[in-house]
Amino acid sequence: MVNLPPEDNTPRVAIIGAGAAGLMAAVFAARAGAETLIIERTVEGGRKVLISGGGRCNILPSDVDASRFVTDASKNSLKKILLGWPLKEQISFFEKELQLPLEREAETGKLFPASQRARDVRDGLLAEARARGAKLYAQALVTGIAPKDGKWAVDIADAPSIVVDAVIVATGGLSVPKTGSDGSGIAFARKLGVLVNPTYAALTPVLAETPLFNALAGITLRVRITARDGEREATAEDAFLFTHRGYSGPAVLDVSHVLVRARDEGRRDARLLVRWTEIPEEEWTRRLGNAQAGTVHSVLRRELPERLAEALCRHAAVEPSRTLPQLCKDERRRLLDVLLRCELPWSAHEGYRVAEVTGGGVDLAEIDHKTMESRKHPGLFFCGEVLDVFGPIGGYNFLWAWVTGRAAGVGAARR
Ligand SMILES: Cc1cc2nc3c(=O)[nH]c(=O)nc-3n(C[C@H](O)[C@H](O)[C@H](O)COP(=O)(O)OP(=O)(O)OC[C@H]3O[C@@H](n4cnc5c(N)ncnc54)[C@H](O)[C@@H]3O)c2cc1C
């Protein structure tokens, strides 16, 4: 794909960004009959789709729990928007209309293309948009948008401006800037007086400089984890991964925004608490009280990876080789605390560099929930990650991009 300036300088709908949301918007704007131009700064767009799900693209969840989305805007507005395109219909769109069969991963319930190739998702959407007449203007950086005589002027670096009836901002957030998303859409919105809530890195790994836990790099297990400060709390039950630099895995990513926001706001009170197994407190109390059971390490090792069992003993300041009858009351209490509500030390986070999404963004109160049109600026639409909504790992963020992209495409074409 090359840089192709439009032959005709008057498309009806211009979409800024050929990411997940922009491509979906293009499909639906073009299907509705609007002359549609996608303006994309990178060579071909869709870079996040290509790297998503480890190159497999977790395209959707198999079930949606709306309460798992995070926003500072109204949860009611969020739910109304989600109702705009039910999950079943989205699945049917990909399988029947894009001819992209999906497969459900048994363990997680996540949906992937049966081909296991993220490229098929990006290429399928782009091919459908093009088949309906949409054009891609690649390697074109939009530098500004402004209302002009009832239309919209779109300024492009080193190229003439374009005047359109409707403009859709699908520029994504600030995460993983090397994919092309640098927050320019957020800047456009602010400049136009649209309310933008503070942005923050979300679904990002947490850093910790603790030799005891850093040495466990590579160990993964299912946990229940909570991140909490005086203002916010998030809990997840999923896989946890020790890394050389700290902690990652879906469970950690899903709660990381609480730590990020506390740090962004200059607070140091955010805590990370882990329950390592599903075994209830009474059962652990019983097991640690069983005088026949051997050493502390051998009891923990039955339920936990061996090296983690040893590290947790040390974290509780209990020598792993001590036998159960040797334990004093205080040591037993410290072990229970570490097993059931282990406070993990952490020092920082990986930030936008690797964050899977950006939290914050354009407030949902600014847009019409059916069409994604700005309430202040007729003809201006927003979709995808530029809006103040993100979801947990599991296909929720593409779901948001698909729902809002489709609504914006249809809405913009109708103008
Ligand atoms: C490593 C990784 C893995 C992920 N895996 C998954 C997954 O498996 N499942 C899931 O649901 N979500 C996943 N996500 C999140 C998901 O990719 C995003 O939520 C989604 O791509 C957001 O789509 P978007 O179209 O709003 O923004 P983006 O995908 O960021 O697209 C924005 C587009 O706009 C272009 N652009 C920006 N500014 C301009 C400008 N000024 N002029 C022209 N073009 C511009 C950019 O180049 C880019 O192509 C993952 C994210 C990452 C980083």
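The values are calculated or read from the model by the stated rules, or taken from the named source; none is laboratory data. In this text, all values refer to a predicted model and were calculated from it rather than measured experimentally. Heads up, the Cβs are rebuilt from the backbone with ideal geometry, glycines too, and the neighbour counts pull from every protein chain shown.
Can you find a residue that is within 16 Å of the chain's Cα centre (by Cα) and within 13 Å of the ligand (Cβ to nearest atom) anywhere in the stretch 12-19? For the stretch 12-19, residues within 16 Å of the chain's Cα centre (by Cα) and within 13 Å of the ligand (Cβ to nearest atom): present. Considering each residue of the stretch 173-180 in turn, at least one proves to be in the same structural domain as Ala26 (by TED's automatic domain parsing), under 28 Å from Ser67 (Cα atoms) and either among the β-branched types (Val, Ile, Thr) or in a helix (DSSP H, G or I) (or both). Within the stretch 37-57, the set of residues being among the polar types (S, T, N, Q) and closer than 20 Å to Phe94 by Cβ comprises Ser52 only. Ile168 fulfils the conditions (1) of a type outside the set (S, T, N, Q); (2) part of a strand (DSSP E or B); (3) away from the ligand (no atom under 11 Å from the Cβ) except for a single criterion, (3). Taking the numbered list (1) of a type outside the set (A, V, I, L, M, F, W, C); (2) buried (at least 19 other Cβ atoms within 10 Å of the Cβ); (3) away from the ligand (no atom under 13 Å from the Cβ) in turn, Pro160 passes all entries but (2). Within the stretch 20-40, does at least one residue satisfy the condition of being in the same structural domain as His369 (by TED's automatic domain parsing), under 15 Å from the mean Cα position of the chain (by Cα) and either at pLDDT 95 or above or among the hydrophobic types (A, V, I, L, M, F, W, C) (or both)? Among the residues of the stretch 20-40, at least one is in the same structural domain as His369 (by TED's automatic domain parsing), under 15 Å from the mean Cα position of the chain (by Cα) and either at pLDDT 95 or above or among the hydrophobic types (A, V, I, L, M, F, W, C) (or both), which makes the answer yes. Within this structure, Lys191 fails the test of being more than 8 Å from the ligand (Cβ to nearest atom) and modelled with pLDDT under 95.
Each residue in the stretch 26-41 was checked for being closer than 18 Å to Ala140 by Cβ, assigned to a loop (DSSP other than H, G, I, E, B) and away from the ligand (no atom under 11 Å from the Cβ), and 1 pass.
Being closer than 26 Å to Asp238 by Cα and surrounded by fewer than 19 Cβ atoms within 10 Å (Cβ to Cβ) is true for just one of Glu303, Glu310. Which residue is that? It is Glu303. Taken together, the criteria exclude Ala355 from residues that are within 16 Å of the ligand (Cβ to nearest atom), under 22 Å from Met24 (Cα atoms) and either basic (Lys, Arg) or surrounded by 18 or more Cβ atoms within 10 Å (Cβ to Cβ) (or both).
Contact annotation: residue pairs with Cβ atoms under 7 Å, 6 or more positions apart or on different chains, pairing a residue in the stretch 363-375 that is within 16 Å of Ile186 (Cβ to Cβ) with a partner that is part of a loop (DSSP other than H, G, I, E, B) and among the β-branched types (Val, Ile, Thr), are Leu364/Thr71; Glu366/Val194; Ser374/Val194. Pro325 fulfils the conditions (1) more than 36 Å from the chain's Cα centre (by Cα); (2) part of a loop (DSSP other than H, G, I, E, B); (3) surrounded by fewer than 16 Cβ atoms within 10 Å (Cβ to Cβ); (4) touching a residue at least 24 places away in the same chain (Cβ under 8 Å) except for a single criterion, (2). Answer yes or no as to whether Lys75 is more than 16 Å from the ligand (Cβ to nearest atom) and within 30 Å of Arg261 (Cα to Cα). Here the answer is yes, as Lys75 does meet what is asked.
Looking at the stretch 83-108 only, could you name the residues that are in contact with a Gly (Cβ under 8 Å, 6 or more places away or on another chain) and at pLDDT below 95? If the condition is that a residue be in contact with a Gly (Cβ under 8 Å, 6 or more places away or on another chain) and at pLDDT below 95, then Thr108 is the only one that fits. The residues of the stretch 376-387 that are of a type outside the set (Val, Ile, Thr) and within 12 Å of the ligand (Cβ to nearest atom), listed by number, are Phe382, Cys383, Gly384, Glu385, Leu387.
Every residue, every condition in (1) out of contact with any helix residue (DSSP H, G or I) (no Cβ under 7 Å at 6 or more places or on another chain); (2) farther than 30 Å from Ala365 by Cβ, yes or no:
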| residue | (1), (2) |
| --- | --- |
| Thr71 | no, no |
| Lys75 | yes, no |
| Lys79 | no, no |
| Trp85 | no, no |
| Gln90 | no, no |
| Phe93 | yes, no |
| Leu102 | no, yes |
| Ala106 | yes, yes |
| Gly109 | yes, yes |
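Of all residues in the stretch 378-410, those being under 19 Å from Gly46 (Cβ atoms), among the aliphatic types (A, V, I, L, M) and within 11 Å of the chain's Cα centre (by Cα) number 2.
If only one of Leu111, Leu50, Leu23, Leu82 is within 15 Å of the ligand (Cβ to nearest atom), part of a strand (DSSP E or B), among the hydrophobic types (A, V, I, L, M, F, W, C) and in contact (Cβ under 8 Å) with a residue 12 or more places away in the chain, which one is it?
Checking each option against the conditions leaves just Leu111.
Scan the stretch 364-393 for residues that are small (Gly, Ala, Ser) and either at pLDDT below 95 or touching a Ser or Thr at 6+ places or on another chain (Cβ under 7 Å) (or both) and the total you get is 2.
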